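Enquirer: First, the structure itself, so that you have it in front of you.
Each value in this text was obtained by applying a stated rule to the coordinates, not by laboratory testing. Model, not experiment: these values are computed from the prediction.
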Amino acid sequence: MEQCRDLLGQWGKRAFPNFRHQRRKITRALRMLEMAHKTVLEQRRVLESGLEELEANEEEYWEQRIRVDYLRGGDKNTQFFHRKAFARRKRNTIKKTQK
């Protein structure tokens, strides 16, 4: 009789698991996933804002670098345009009047 009772008890545990325990276990796992998801989303937001700030700083750096190079060296085409203007002025100058 005891053996039958033990076998039926084992069968009952396999066939009808402890729903309360499993529910608690699954609920706890879901809460942990939700917390992890929030943490991941927060980390992603922080990383994205850091990337945006880095890109803005890089753009500002290159704008300042271009400005410094331009002020230091001038426009690379300056000599070319001065020659063209001088040649045009020379060509358009009236050397003498006709009678």
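Enquirer: Taking the convex hull of the alpha carbon atoms in the range 2-91, what volume per residue do you get, in Å³?
Expert: 171 Å³
Enquirer: Return the calculated 222 nm mean residue ellipticity for the chain, to the nearest 500 deg cm²/dmol, obtained by summing -39500 (n - 2.57) across DSSP H runs with n ≥ 4 and dividing by the residue count.
Expert: About -30500 deg cm²/dmol.
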